[in-house]
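So the structure is just underneath, and the comments pick up after that.
The values are calculated or read from the model by the stated rules, or taken from the named source; none is laboratory data. As the structure is a computational prediction, the values presented were derived from the model and not from experiment. Every residue, glycine as well, gets a Cβ built from its backbone with ideal geometry; the counts of neighbours run over all protein chains shown. The area values use the complete protein model at the heavy-atom level, side chains included, leaving out ligands, DNA and RNA. Shrake-Rupley method; radii C 1.70, N 1.55, O 1.52, S 1.80 Å.
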Amino acid sequence: MIENINWYPGHMKKTRELIQQNLKMVDAVVEVIDARIPVSSRNPIIDELVKNKKRIVILNKSDLSDSSANKAWEQHFKERGNLVLSMNCMSGGGANQLLKLLGRLQEEKNRDQARKKPYRLMIVGVPNVGKSSLINRLTGKKSAQTGDRPGVTKGKQWLNLPGNMQLLDTPGILWPKFEDPKAGLDLAFCGSIKDEVLDLATLALELIKVLQADYPKLLKERYKLDELRETPLENMDAIAVKRGCILPGKRIDYERIAKVLLDEFRSGTIGKITLEKVEA
Ligand SMILES: Nc1nc2c(ncn2[C@@H]2O[C@H](COP(=O)(O)OP(=O)(O)O)[C@@H](O)[C@H]2O)c(=O)[nH]1
Ligand SMILES: [Mg+2]
C-alpha cells in the first residue's frame with residue numbers, strides 16, 4: 001500500500017530540486033493531504049518549497065474523517081490564503097468541483113489573452129495521501145499507479161484535463177514529518193509509514209488511547225462495550241474478548257486483535273475519525 005521510501009539527506013535535497021524545477025513550469029500546485037491527519041501528512045517545509053505559487057489544498061480521504069473537523073480545516077487553510085477542497089478520490093467525490101475551481105483559475109489567467117495558454121498544474125504530497133488516485137480521477141483514466149507499485153517514470157509528460165488545463169503526470173512525492181513522534185504515530189495509524197516502526201500490538205494500544213479520549217462513543221458502539229474501562233490495555237482486552245481473539249490457555253491474542261483494530265480504523269469501519277484537530 002505504501003511507497004517504502006527511505007528518506008536520507010541526499011534524497012531530500014534531490015526531491016527539493018526536482019520540485020523547484022517543476023514549479024517553474026506550472027501555474028498552480030495541488031497539495032494533497034490526508035484529512036484525518038492534516039498536520040502530519042504535510043511536508044514540513046512545504047511552504048518554503050512552494051513559496052508564492054497559487055496553491056489548492058486537497059483534504060483527501062474525507063470519507064474517513066470527521067466532517068465537522070473537515071470544515072474547521074477548510075477554514076484554517078482558507079485563512080492562510082489557499083484554495084481548499086475536501087475530496088474522496090476513491091469514489092471521485094469532489095473531482096467535478098475541483099475541475100470547476102481550476103477552470104476559473106484558467107479563465108482568470110487567460111482573461112485578456114488572445115492566445116489561450118493551457119493552465120498547468122502539478123500535484124504534490126507525502127506518500128499514501130492519494131496523489132495517484134487524484135490524477136486518475138482528474139484524467140478519468142488509469143494513468144497513474146495507485147497502491148504499492150512505484151510508478152514507472154517516463155520523463156515528464158503533460159496530461160490533458162478538460163477545460164484547457166494540463167497536469168504533470170508524475171506527482172512530487174515529499175517526505176512526511178517523521179521526526180516528530182506524535183506525527184510518526186498518526187502516520188502509522190493511517191497506514192502511511194511502515195508498520196514495522198512499532199509492533200502492531202503497541203500501535204493498536206496507542207490507537208485505543210487516542211480513541212477512548214477523543215471518540216469514546218464510536219469505540220464503545222463498534223465493539224459493543226457496555227462501558228469503557230480506564231486503561232487502554234483493559235479496553236483492548238475487552239475488545240479482544242468480544243471478538244474472540246483468544247489463544248489456548250485463555251491468553252489474549254494481541255497480534256490478531258491489533259490487526260482488527262488497525263484495519264477497522266483505516267477502513268473507516270470504526271467511524272469517521274480525525275486524529276488531528278485545528279488548534280483553537
Ligand atoms: N477511503 C479512501 N481511500 C483513498 C482515497 N484516496 C486514495 N485512497 C486509497 O489510499 C491508498 C493510497 O492512494 P494512492 O493514490 O496510491 O496515494 P499516493 O501514494 O499519494 O499516490 C490507496 O489504497 C487508495 O485506494 C480516498 O479519498 N478515500
Ligand atoms: Mg502514487
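So for each of 237-247, 199-209 I average, over its residues, the number of other beta carbons within 10 Å; can you give me the resulting order with the highest mean first?
199-209, 237-247
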- Counting only DSSP beta bridges with both residues in the stretch 11-148, what percent are antiparallel, rounded to the nearest 5? 5
- Item | Rounded percent of accessible protein surface that carbon and sulfur make up, the chain, 1.4 Å probe | 51
- What full-extension length gain, to one decimal in nm, is calculated for E48 and K259 as 0.36 nm per residue of separation minus the Cα-Cα distance? 72.2 nm
- The answer for the stretch 167-219, accessible area per residue at 1.4 Å probe in Å², is 41
- Item | the chain: calculated mean residue ellipticity at 222 nm from DSSP helix runs of at least 4, using -39500 (n - 2.57) | -12500 deg cm²/dmol
- Subtracting the Cα-Cα distance from 0.36 nm times the residue separation, let me have the gained length for K100 to R80 in nm, one decimal. 5.1 nm
- Net charge near K277: determine it from the other residues with C-beta under 10 Å of the C-beta of K277, scoring Lys and Arg +1 and Asp and Glu -1. -4
- Query: What distance in nm separates the simple spin-label points at R229 and Y8, each placed 7 Å from Cα in the Cβ direction?
  - Reply: 4.5
- Message: With unit charges on the beta carbons (Lys and Arg positive, Asp and Glu negative) and the dipole taken about the Cα centre of the chain, which residue among L85, G268, Y215 sits farthest to the positive side?
- Response: L85
- Query: For the residue pair T202 and E221, what label-to-label distance in nm results when each label sits 7 Å from Cα along the Cα-to-beta-carbon direction?
  - Reply: 3.3
